[in-house]
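Undergrad: Input: one structure, supplied below.
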Amino acid sequence: MFRALMIVVFYMFAVPIIGVIGIPWTLLTGNVEWLYNRAMWAALHGVLFAGVKVDVKGLEHLGPRKSYIFMCNHVSNLDPPIVVASIPGRTSILVKKEVFRVPILSYAMRLASMIPIDRQNRESAIQSVEKARAVMQSGVHMTIFPEGTRSPDGRLMPFKKGPFHLAMETGFPVVPMTIFGSETLMPKGTMRVLPGRVTLVFHPPMDPSGFKDREALTQSVRDSIASALPGHMKPLD
């Protein structure tokens, strides 16, 4: 619990400072990069500050100046700050609508083209996918956790259809990502954070045009993510 408190306190100090400086700067200059880069620094270092070490593998698969849809499994609240901050370049992400209720943070996320999503409302979810398409066409990556929520036991769960509709319709290459280790450092249902090591793997990009349909792309991405998971996290199906 103490380490989780350390993360919260770090964010309580870092987010307002970055927001107070970065939001006016962004509004004056129209350049969101300063705000985005500092926000990603804070996101990752809040986790590192609590004793979590991160190993990143596979970045050599990514090409410069290309836009991707990154898709990663989700097993812990530690995942988003690690995954998003580890992606080269600027990425948007589908964020639970509840997070957008946090003052300063919500405004900064909108400036950074983050997209709120209400998973309980199908029409709202469809609108979020359409907004994601527009963001990607502006040259920003998109990061999605296709399971839709955290796995309760670390095992890879079935994927939602929406992210793969987006991939097939836009044609942007999909980069599967695998994260593991965080499921034991901060499991779903607990606020306790343990020190330890998290591994994040970037797999080779997949071109949606090379698949006959959405289901084939979905299965290939799922197989790629599962290939790097330890045995106790592999799907049972």
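The values are calculated or read from the model by the stated rules, or taken from the named source; none is laboratory data. It should be emphasised that the depicted structure is a prediction, and the values quoted were computed from it without experimental measurement. Ideal geometry is used to build each Cβ from the backbone, glycine not excepted, and the neighbour counts take in all protein chains shown. Accessible surface areas use protein heavy atoms only, side chains included; no ligands, DNA or RNA. Shrake-Rupley method; radii C 1.70, N 1.55, O 1.52, S 1.80 Å.
Undergrad: Gly210 fails exactly one of the following numbered conditions: (1) touching a strand residue (DSSP E or B) at 6+ places or on another chain (Cβ under 9 Å); (2) without any contact (Cβ under 8 Å) to a residue 24 or more places away in the chain. What is the number of that condition?
TA: Here Gly210 clears every test but (1).
Undergrad: Next question. Sort out which residues of the stretch 54-77 are among the small types (Gly, Ala, Ser) and under 16 Å from Ser224 (Cα atoms), and write them in order of number.
TA: Going through the stretch 54-77, the residues among the small types (Gly, Ala, Ser) turn out to be 58, 63, 67, 76.
Passing the criteria: only Gly58.
For every residue, the table says whether it meets (1) without any contact (Cβ under 8 Å) to a residue 60 or more places away in the chain; (2) within 20 Å of Thr143 (Cβ to Cβ).
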site	(1), (2)
Ile23	no, no
Glu33	yes, yes
Arg38	yes, yes
Ala50	no, no
Ser76	no, yes
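Undergrad: Of the residues Ser106, Ser138, Ser124, which single one is farther than 24 Å from Val221 by Cα and at pLDDT 80 or above?
TA: Working: Ser106 fails: at pLDDT 80 or above; Ser124 fails: at pLDDT 80 or above.
Every option except Ser138 fails the conditions.
Undergrad: Another question, then. Can you give me the number of residues within the stretch 176-201 that are out of contact with any Gly (no Cβ under 7 Å at 6 or more places or on another chain) and surrounded by fewer than 14 Cβ atoms within 10 Å (Cβ to Cβ)?
TA: Here the count works out to 4.
Undergrad: Just give me the residues in the stretch 183-201 being in contact (Cβ under 8 Å) with a residue 60 or more places away in the chain and either within 25 Å of Pro173 (Cα to Cα) or not in a loop (DSSP other than H, G, I, E, B) (or both), in sequence order.
TA: The first filter runs over the stretch 183-201 and keeps only residues in contact (Cβ under 8 Å) with a residue 60 or more places away in the chain, leaving 183, 185-188, 191-201.
Once the filter is applied, which keeps residues that are in contact (Cβ under 8 Å) with a residue 60 or more places away in the chain and either within 25 Å of Pro173 (Cα to Cα) or not in a loop (DSSP other than H, G, I, E, B) (or both), the stretch 183-201 yields Glu183, Leu185, Gly196, Arg197, Val198, Thr199, Leu200, Val201.
Undergrad: Also, I was wondering about something else. Please enumerate the residues belonging to the stretch 20-38 that are modelled with pLDDT under 85 and crowded, with 18+ Cβ neighbours inside 10 Å.
TA: Passing the criteria: Gly22, Thr26, Val32, Leu35.
Undergrad: A follow-up question, please. Going through the stretch 143-172 one residue at a time, which ones are closer than 20 Å to Gln219 by Cβ and touching a Ser or Thr at 6+ places or on another chain (Cβ under 7 Å)?
TA: Met157, Phe159, Phe164, Gly171, Phe172
Undergrad: Give the stretch 216-236 a look and list any residue that's touching a residue at least 40 places away in the same chain (Cβ under 8 Å) and open to solvent by 60 Å² or more (accessible area, probe 1.4 Å), or say none.
TA: Ser227, His232, Lys234, Leu236, listed by residue number.
Undergrad: Suppose we filter Pro163, Pro204 for residues that are open to solvent by less than 50 Å² (accessible area, probe 1.4 Å) and touching a residue at least 40 places away in the same chain (Cβ under 8 Å); which single one remains?
TA: Working: Pro204 fails: open to solvent by less than 50 Å² (accessible area, probe 1.4 Å).
Of Pro163, Pro204, the one residue that is open to solvent by less than 50 Å² (accessible area, probe 1.4 Å) and touching a residue at least 40 places away in the same chain (Cβ under 8 Å) is Pro163.
Undergrad: Okay, next question. Within the stretch 11-19, is there a residue that is over 27 Å from Gly162 (Cβ atoms), surrounded by 14 or more Cβ atoms within 10 Å (Cβ to Cβ), of a type outside the set (Phe, Trp, Tyr) and touching a Lys or Arg at 6+ places or on another chain (Cβ under 6 Å)?
TA: Of all residues in the stretch 11-19, those over 27 Å from Gly162 (Cβ atoms) come to 11-19.
When the remaining residues are screened for being surrounded by 14 or more Cβ atoms within 10 Å (Cβ to Cβ), the result is 11, 14-15, 18-19.
Right, trim to of a type outside the set (Phe, Trp, Tyr) and you get 14-15, 18-19.
Those left that are additionally touching a Lys or Arg at 6+ places or on another chain (Cβ under 6 Å): 18.
Among the residues of the stretch 11-19, at least one is over 27 Å from Gly162 (Cβ atoms), surrounded by 14 or more Cβ atoms within 10 Å (Cβ to Cβ), of a type outside the set (Phe, Trp, Tyr) and touching a Lys or Arg at 6+ places or on another chain (Cβ under 6 Å), which makes the answer yes.
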